[in-house]
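I have placed the structure first, in the form of structure tokens, so that the comments after it can refer back to it.
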Amino acid sequence: MYNLVMKDLKLGVNPMFFVFPLLMGALMLVPGWLYFLVPMYFCWITIPNMFGQFRSQNDLIFTSMMPVTKKDMVKARVFVIVILELLHLVIAMIYGMITIRLYPHLTYYFFAPHMGFWGLCFVMLAIFNMIFIPMYYKTAYKFGGAATASIAGAMLFGGVAQWIGIQSSFVSDIFNGTGAHNMALQISILIAGIVIFIAFTMIAIRIAVKRFLKVEIL
């Protein structure tokens, strides 16, 4: 599987997608912005372009000619997706920490980039993976419908979460008020988000493998 991952990283993924998180992550420096949009650029731009490139390169046929199992093909591709997702989130988190220090007295209307917020971002990407990966591996070729549905799911979660954060004073206090300075609470939300991200992605892999085993590669 390691060789498959390296094959994707070196041949399948445009180097620009490794620079992209640095550029989009800089949007975290905009004071009081809707920060949920930052990780969404991964879903909007990276995934469609990356999988479009895989298809144009006939990557499925090429990979199927290698002495590898379908299970490893799925796991390697998902591992690459997760690497890019973590790259987007980690870099955005670093920018977020800078933002908090640059504007210590800023009043946030949307979620502030504290640790709890990043837990919500992990959940958002978990939902994206849970929808995109199994849908894509129905064919392992057509990605448009899977991308549209998964983007819609992630955006729906982000929109509802942010709406609740605005409407509910309790939730607002957790992420922007006194709760933002409660390290135990913030770390708990972050860890919960990471656990959900791991669980959803593993479930997505299992479903995708079962579906991909039924796909006939011509």
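One table, with the values for the structure above:
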| quantity | calculated |
| --- | --- |
| Gain on full stretching of the segment that runs from HIS181 to VAL195 - 0.36 nm per residue minus C-alpha separation | 2.8 nm |
| The range 1-41, accessible surface, carbon-and-sulfur percent (1.4 angstrom probe) | 75 |
| Heavy atoms of LEU87 accessible to a 1.4 Å probe, total area in Å² rounded to 10 | 50 |
| Cβ-derived FRET efficiency at R0 25 Å, LEU37 paired with ALA152, nearest 0.05 | 0.95 |
| In order through the range 108-113: 3J(HN,Hα) via Karplus (6.51 cos²θ - 1.76 cosθ + 1.60), integer Hz, x for Gly, Pro | 8, 8, 9, 5, 7, x |
| Where the chain is the region considered: accessible area per residue in Å², 1.4 Å probe | 50 |
| Protein-only accessible surface order, largest first, of SER172, SER150, SER188 at 1.4 Å | SER188, SER172, SER150 |
| Exposure rank, largest accessible area first [THR69, THR139, THR99, THR107; 1.4 Å] | THR107, THR69, THR139, THR99 |
| Dipole of the chain, positive direction: furthest Cα of SER168, THR46, GLN186, with charges on the beta-carbon | THR46 |
| Rg ratio (alpha-carbon, reference 2.2 N^0.38 Å) - the chain | 1.08 |
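The values are calculated or read from the model by the stated rules, or taken from the named source; none is laboratory data. A quick note: this is a predicted structure, and the numbers were derived from the prediction, not measured. Note that we place each Cβ from the backbone using ideal geometry, even for glycine, and neighbour counts take in every protein chain shown. SASA here: full protein model, heavy atoms, side chains in, ligands and nucleic acids out. Shrake-Rupley method; radii C 1.70, N 1.55, O 1.52, S 1.80 Å.
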